[in-house]
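The structure appears right after this line, and notes come after that.
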Amino acid sequence: MKAAVSWWDLAGSAQTIDSLRDYLREEGVEPWERVHGMRLKFWISDRETNRWGAVMLWDANADLTAPMPPNRAAELIGYPPTVRILTDVEAIVEGIHAGQSGDRGLAFGPVRNPS
């Protein structure tokens, strides 16, 4: 299995964590639901450092050269990720948690003002 991490420093972009969150809610997640070989994709943000990114877990035999949805984050942000890595996954586990199956993250939670 492979993990891919893409991480943007938003300092040079007109986009914000809030505008990118809106993009996810409106159109950004759904195209990734049909990607063969991708086990999981989650989007990440860090308001303190003004960073935005995504992490993807891929099957070991996934064709990472196959066509994928457009990289709209890069289009919206205006430049490629500041950091992009592809690495082997040594192990995965999901622990006991209180998360509901409908808990899809901040982009789909109640809209709130940034702190």
- [ ] Would you mind calculating the relative contact order of the chain from Cα pairs under 8 angstrom and at least 6 residues apart, reporting the percent as a whole number?
- [x] 41 percent
Task: Option label - Rg/Rh (Cα atoms, Kirkwood Rh) computed here, alternatives (1) 0.96; (2) 1.04; (3) 1.26 - done: (1)
- [ ] Express in whole angstrom the spacing between the alpha-carbon centres of segment 1-41 and segment 43-92.
- [x] 7 Å
TODO: Return the calculated 222 nm mean residue ellipticity for the chain, to the nearest 500 deg cm²/dmol, obtained by summing -39500 (n - 2.57) across DSSP H runs with n ≥ 4 and dividing by the residue count.
DONE: -2500 deg cm²/dmol
Task: Order by protection proxy (mean Cβ within 10 Å, highest first), peptides 15-22, 71-78, 90-97, 60-67 - done: 15-22, 71-78, 60-67, 90-97
TODO: Show the residues, 5+ positions off or on another chain, whose built amide H is closer than 5 Å to the amide H of Arg39.
DONE: Leu57, Trp58, Asp59
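Every number here is computed from the coordinates shown, using simple stated rules; none is lab data. Computed from a prediction, not measured in an experiment: that's the story for all the values here. Every residue, glycine as well, gets a Cβ built from its backbone with ideal geometry; the counts of neighbours run over all protein chains shown.
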